[in-house]
Amino acid sequence: MNQNSPIDRPSPNGALPVYWVGPRCLAGDDGRLYDTVADTLTGLGWTALTIVRGLHEDTEFDDVLEDRQVPVSYTHLDVYKRQLRSTVLHVSPDGLRWAQWMLADEPFHLGGLPMAWQVCAREDRSDMTARWSAYFTPGLPGEAVADFLLALDARDRPATSFGGPDRVLDAVTAKGWFRDIDQPAAGATDPTFTSHLAFGEVPPLIQDGDPSVLTVGPEEAGPMGWQAWSQPAPDAPYLWAASFSAGVPADLVAAFAASLSSTAPVLRRVLPESTKDRLLRAPA
């Protein structure tokens, strides 16, 4: 079911009008989450590898992964060779970071929403597994995911953390978000009380490079990481969700949070049905 709807009726020539809208955290992805992120990665010089459904062994795909030594365990190359699915993998020039469009590849869900993008990184080319993973569902403003990737691309050491939780919370409180009353050092919410950011136990299936995660007992608390989500009304479906494994550097989460909470308006042609009445808009 498509939760997005045109802001206004199409013009006589069939084109939808464009508006500046805000707040960003409720603006949706304009139905362009893949395009927005993929265009950013292309501009950064990342290689895009498209894999389509069907039985096929893509030698060009093999050659690129071998040249950049991308960890096979995270690209599921063995699965691709047996029964390929429609997906796209973007790899940075140094092979230390990659982003996969997961939506067409039967992804797992977070908050009832399928994962759309998975971003991973490792410290050096000798690592055969990713040190951390970040996940983003449809509905997230593409600008926030793009800014996360811009910050990741700019790093010399993509798996080394700088700063602590305060860096993330400072990024959103500087834009008018409020710290959680009960846990001011671990959470914040936007002024409409519909979008949230919290530091806590990460959900199951969130991949991280720390091997100790695999030894956590059933009664023990799991690894801690950042989670973000938007729920327009109590008991309503989530608009979007994002999850960051325990190893994601705090400054990268802060870049995502700062963009998500930005007061700068964004261009949109379509708006989420659940939030369109909450948004301010002006013709572009």
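Would you be able to say whether some residue in region 135-152 is open to solvent by 30 Å² or more (accessible area, probe 1.4 Å), at pLDDT below 95 and not aromatic (Phe, Trp, Tyr)? No, region 135-152 contains no residue that is open to solvent by 30 Å² or more (accessible area, probe 1.4 Å), at pLDDT below 95 and not aromatic (Phe, Trp, Tyr).
Within region 129-167, the only residue that satisfies the criterion of being among the hydrophobic types (A, V, I, L, M, F, W, C) and more than 26 Å from residue 38 (Cβ to Cβ) is 162. Can you find, within region 114-126, the residue that is surrounded by the fewest Cβ atoms within 10 Å (Cβ to Cβ) among those that are more than 11 Å from the chain's Cα centre (by Cα) and over 22 Å from residue 224 (Cβ atoms)? This residue is 126.
For residues that are surrounded by 13 or more Cβ atoms within 10 Å (Cβ to Cβ) and either farther than 25 Å from residue 278 by Cα or not aromatic (Phe, Trp, Tyr) (or both), tally how many sit in region 175-195.
Residues that pass the stated criteria total 12.
Scan region 144-195 for residues that are in a loop (DSSP other than H, G, I, E, B) and closer than 30 Å to residue 129 by Cβ and the total you get is 11.
No other residue among 198, 264, 236 is surrounded by fewer than 19 Cβ atoms within 10 Å (Cβ to Cβ), modelled with pLDDT under 95 and either aliphatic (A, V, I, L, M) or outside any loop (DSSP other than H, G, I, E, B) (or both) apart from 236. Residue-level analysis places residue 170 outside the set of residues that are open to solvent by 10 Å² or more (accessible area, probe 1.4 Å), farther than 18 Å from residue 258 by Cβ and among the acidic types (Asp, Glu). Within region 92-109, the set of residues being over 20 Å from residue 32 (Cα atoms), of a type in the set (A, V, I, L, M, F, W, C) and part of a strand (DSSP E or B) is empty.
The values are calculated or read from the model by the stated rules, or taken from the named source; none is laboratory data. Computed from a predicted model, the values in this text were never measured in an experiment. Glycine also receives a Cβ, built like all others from the backbone with ideal geometry; neighbour counts cover every protein chain displayed. Accessible surface is based on the protein model in full, side chains and every heavy atom, while ligands, DNA and RNA are left aside. Shrake-Rupley method; radii C 1.70, N 1.55, O 1.52, S 1.80 Å.
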